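A short worksheet on the structure shown next.
Since every read-out is calculated from the coordinates, none of them should be taken as a lab result. In this text, all values refer to a predicted model and were calculated from it rather than measured experimentally. As a convention, Cβ positions derive from the backbone with ideal geometry for all residues, glycine included, and neighbour counts pool all protein chains shown.
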Amino acid sequence: MTFDGENTAYCLEPLKKTPEAGEYEYNLLPQDSPIRKALYYLNGGYGYETITRDQCFHGWSDTDAYVIGHLTVAYIYDNYNDAGGAFYGAPQNFIDKTKEVVGVINSLPEPPKSFRAFILPAADHQTVAGSWYEKPYGWIELYKSSANGSISDGNGNYSLKGAKYGIYQGETQVAVLTTDENGYAKSGELEEGSYTVREIEASPGFAIDANGYDVSVESDVTATLKVQEVPQNNPIDIVLQKIDSETQKNEPQGAASLEHAEFTVKYFKEQMDSNPEEAGKTAERTWVFQTDQEGKIKFTKEYLLSGDEFYYQMDGATPCLPLGTVTVQETKAPEGYLINPEIFVQKITGDGKAETVFCYQAASVPEQVYRGDLEFVKVGDGELNRLANVPFTIISKTTGESHTLVTDKNGYASTSSEWVKHSQNTNQGESSADGIWFGNEPVDDSRGALPYDTYLLEEQRCEANEGMNLLKIEVTIYKDSITVPLGTLTDDQIEIGTTALDQETESHISKPDEKVTLVDTVEYEGLKKGQEYQLIGTLMDQKTGEPILIDGKPVTAEKTFKAKKSSGTVTVTFTFDGVSLKGKTVVVFEELYQEDLKLAVHADLSDEDQTIHFPEIGTTAKDEATGENFAHAGEKVTLIDTVAYQNLLPGQEYQVVGTLMDKETEKPVEVDGKPATSEAVFTPENADGTVDVTFTFDGNVLKGKTVVVFESLLWKEKEIAVHADLSDEGQTIYFPEIGTTAKDTETNSHVSKADEEVTIVDTVSYQNLVPGKEYKVSGVLMDKETGEELLVDGKNVTAETVFTPEKAEGTVELTFVFDGSALEGKTIVAFETLTYQEKEVATHTDIEDQEQSIYFPQIHTTAKDGTDGDQEVTESEKVTLVDTVAYENLETGKQYKVAGMLMDKTTGKELLIQDKQVTAETVFEAKEAKGTVDVTFIFDGTGLAGKELVVFEKLYLVSEEGEIEVTAHEDLEDQGQTVKVVEKELPPKPETPKSDAPKTGDRSQAMLWLIVAGISAASVAGFSIWKRRENRKKK
């Protein structure tokens, strides 16, 4: 259904008839009508085309959408009544879609206020609603202004007119705004929606705005956009750079300066290629700046002396210049330069893009330095004779540049080109005919030789001024084209002498210590009162004539002083490490300076007053007995330390004090709780020589130790030299020590069998010997019981060996071979003595030392009946015999075995039972050297009655290597070892009693039975006790 052409209408009451075609009066729907809102978003409304067709009707045709529109407005008109007639005859899927559309429409924004919808009241037909289709339109207006009015306001280089802004929907430009002179512009009609405004062309003097501005256009509404444009400007860093006109560098010549020059900078609004003031223009702003040390001016407050406020960029911090013209002019020259009158003009123009433009170029302003000359006449002191060919060095105090000027035959010298051209032999400095020129620029004979500066004029030593006080004066060139007359220059005579002493000894003797202090007293004459001088001293080696070097550097000292009178004294102090100066003689040389000018020297290697002697000592220690550097640590040891000295002063009394040091602990050796020391006093006739220091002491505590002799040399109770080097072999005395371990070769232990041939090897361990020397070890066997030497066949048992050790520590073996058959039960001890050239240097003679000891065991046995303990056993099937073996002189802690065997005394052979020997053994550990152990024999004694059995026993040393016999007891005649076998006694047959039992009333018979019963009970009890004892023995 349509009206007024193509406008769409909908029926609200489907059960009623549709109105006829024609004209009807209508009522406009109010702004808050839900039907009005639905008509905007349904087919025929602008909202349908832009929103709901895609959102709600995807896959549905426009016809279907129109049908659903009918259902929608009817449903809303019926107050959303599901049971009403709105859905009459409609399929269910259309009903569901209708409800979905209603929900979406209710969630959407209200239609524009300009949207018109109507309703036809129902009379004889159904109610109809419709709307007029229209697109909503609005407008955009833009106001442009300057973002930095301080730069652009009132400046004809800037205009708000002519800026162009594009209006975009997405990436499509739909309109253009062009500003008028007030910066205003308005668009034509724009459909309601979102737009972006971007500047596409800036107005004169302004930077183009790169921002995009989002604007929403509503129906019948003008949207306002305000933007600010940034006026273009030139940020300024360096305004100008001053340079020297001669060198074309920003480096001043001489003492001239590029600093503190003043420049006036003016800004004009007009853009001109020449000075605007010449055209009658007036500067907008003016500033006066001052150069820094490099001759620069920067456009900052630090360089500003006076003037107007700066222009600033948008950040409010960066100084800049607006578009226009700038002039720069020097209004005050710096020190030593002429003013530059040139006016520098710079034009500042824009390009319409960014805020910053770079048109200004810092000016290079050349400056002409002052130049002048000097002249003088040189004469000697006294008669004022003019001195020819005297060289003078002219030195720039600022740059250090120096050249030489030489006096002529009249003593006259001048740097002026009017006297000698600068360009003649420039700066050769060999004669008075050579010209002078300072600076790197080309020589100019029309100008002075010396740039603005202060110069040192230093007289140089030559034949003409020998022995005179050389001059050193300052000259300042401070005016242009002026020659400074210095007048007549005169020399004076100066002399110095020195006396050097050691601070500690107050003499010419010094100890070569880590810190040495020498004081050199310098006497001077001919100085000028009140003037400052400097003494520089150097220590010299008297032997080589070269400077003394410590850590590769000469030893020097300096002293600056003011002369209170023309003559006087001053001290120069040297402090240095003097350890390396042992035995050297040092001479102090002194030089006197005034500033850098040498005035006098005292340098005489033979001058004793300037000389310091550093003594040196070395020692060689020997044992008096051996004559070598090793000694026997006995009760009385005498060592002689020969001290060699150098560089002493003959005729003086000295004292040498020695101390014995333990090399291992690095502490003094103590004897009886006191350090072992000795000393000697002597007066040398020569500077070099020797003196002996003798030490005598009890050396028993020094076995195995190494002793080093430290020596100290004193003069007037002050130490002047030391020799204390723990690693010095010459100072070292070795006290050897030996220890021994004696073992039997058969048992490889301290236990030996008393055989006819016994071999004992004593391993002697030594330490602290001197390798390469030949030594002898002598051994003798001692009887521990008597403490005397062991005698075999009336002779002592000895052994010896000679050896030469390769190392200080090691071992050597001595072998003793002798008849030991008589030594059963004895302990012998090996005593050892170490000698060198028949002189005893170490002993090991400790009778209690187990390692030196050899034990010869001895055993005795006592055999007894195992039943009653007597020496008779009763013949029976089981005989127990216990042999108690008493042993002595065993090495404790070792394991032993006693093995026994029964012998037939009659035959002298082994007892055989069933063709087997009767043996027994017991293994035990000897906790004491002396003790007993039982060996039990159990055997069948049947048939042995009447025999005498003798027990033979052997003692074995048990070790991992096996069992070795060390002694035996095998004596057929020894009654203690003998047991006799006797026949078993049979009990007598009892008599037959007359009656088996006592009669009634016969008490004697009853008593007899009681006694017999008691005896029987006692016998049984005794047997039980014996059995328990036997069992305990077995256990």
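This model, with +1 at the C-beta of Lys and Arg and -1 at the C-beta of Asp and Glu, gives the chain a dipole about its Cα centre of some 4120 debye.
Summary value for the chain: 5 percent relative contact order, contacts being C-alpha pairs under 8 angstrom separated by 6+ residues. A crude spin-label estimate for the pair His58 and Ala687, with each label 7 Å from Cα along the Cβ direction, gives 11.7 nm. Placing a label point 7 Å from the Cα of Thr665 along the Cα-to-Cβ direction, the residues of the stretch 672-715 whose backbone N falls under 13 Å of that point are 672-676, 701-703, 705-707. Note on the chain: dipole from Cβ charges, positive end direction compared against Gly810, Gly149, Val288; the farthest Cα belongs to Gly149.
With r defined as the distance between the Cβ atoms of Asp971 and Thr811 and R0 fixed at 56 Å, what FRET efficiency is calculated, to the nearest 0.05? Efficiency, from the Cβ-Cβ distance: 0.85.
Ordering Phe576, Ala600, Gly530 by Cα displacement along the dipole of the stretch 495-613 toward the positive end leaves Gly530 in first place; charges were set at the Cβ atoms of Lys, Arg (+1) and Asp, Glu (-1).
The sum of -39500 (n - 2.57) across all DSSP H runs of n ≥ 4, divided by the residue count of the chain, sets its helix-only mean residue ellipticity at 222 nm to -2500 deg cm²/dmol. Here the stretch 700-840 is assigned +1 on the Cβ of each Lys and Arg and -1 on the Cβ of each Asp and Glu. Its dipole about the Cα centre then comes out at about 540 debye. For the pair Glu774 and Thr224, label points projected 7 Å from Cα toward Cβ lie 13.0 nm apart. The angle between the Cα long axis of helix 1003-1034 and the main principal axis of the chain comes to about 50°, on a 0 to 90 degree scale.
So how strong a dipole does the stretch 616-734 carry about its Cα centre when Lys and Arg Cβ are +1 and Asp and Glu Cβ are -1, to the nearest 20 debye? Write out the running numbers ahead of the final one.
Details: 9 positive and 23 negative charges, 42 e Å.
Dipole magnitude for the stretch 616-734 comes out near 200 debye.
Relative to the longest principal axis of the C-alpha atoms of the chain, give the angle of the C-alpha long axis of helix 62-77, reported between 0 and 90° and rounded to the nearest 10°. In the chain, helix 62-77 runs at an angle near 90 degrees to the longest axis.
Of the residues Thr867, Thr936, Phe856, the one whose Cα sits farthest towards the positive end of the charge dipole of the stretch 856-968 is Phe856 (charges of +1 on Lys and Arg Cβ, -1 on Asp and Glu Cβ, taken about the Cα centre).
Among the listed pairs Lys266/Lys479; Lys894/Lys927; Lys753/Lys784; Lys472/Lys529, give every one whose C-alpha distance is greater than 20 Å. Pairs exceeding 20 Å: Lys266/Lys479.
Bridging of Lys135 to lysines at a Cα separation below 28 Å is possible for Lys37, Lys97, Lys99, Lys113, Lys164, Lys186, Lys226, once same-chain residues fewer than 8 apart are set aside.
Of the listed peptides 129-136, 947-954, what is their order by residue-averaged count of other C-beta atoms within 10 Å, with the highest listed first? If you can, show how the numbers build up before the last one.
On the way: 129-136: 19.2, 947-954: 21.8.
Ranked by mean Cβ neighbours within 10 Å, highest first: 947-954, 129-136.
Name all residues of the stretch 169-186 having a backbone nitrogen under 20 Å from the label point set 7 Å from the Cα of Tyr143 along its Cα→Cβ direction, giving them as ranges. Counting backbone N atoms under 20 Å from the label point, the list is 177-186. Relative contact order, whole percent, for the stretch 233-368 stands at 36, derived from Cα pairs under 8 Å and 6 or more residues apart. Label-to-label distance, Glu719 versus Val174, with points set 7 angstrom from Cα along the beta-carbon direction: 10.6 nm.
Calculate, for Ala945 and Val802, the FRET efficiency according to 1/(1 + (r/R0)^6) with r their C-beta to C-beta distance and R0 51 Å; round to the nearest 0.05. Don't jump to the answer; show the numbers that get you there.
Details: r = 68 Å, r/R0 = 1.34.
That pair, Ala945 with Val802, gives E of 0.15.
Taking the centroid of alpha carbons for each part, the stretch 558-628 and the stretch 682-753 are 37 Å apart. In this structure, Glu495 and Asp596 have a Cβ-Cβ separation that, at R0 = 35 Å, corresponds to a calculated FRET efficiency of about 0.95. Between the labelled values [x] 48.1; [y] 43.1; [z] 34.1, the entry that holds Kirkwood radius over Cα pairs in Å as derived from this structure is [x].
Under 15 Å Cα to Cα from Lys16, which aspartates and glutamates show up? Leave out anything in the same chain fewer than 8 places away. List returned: Asp78, Asp124.
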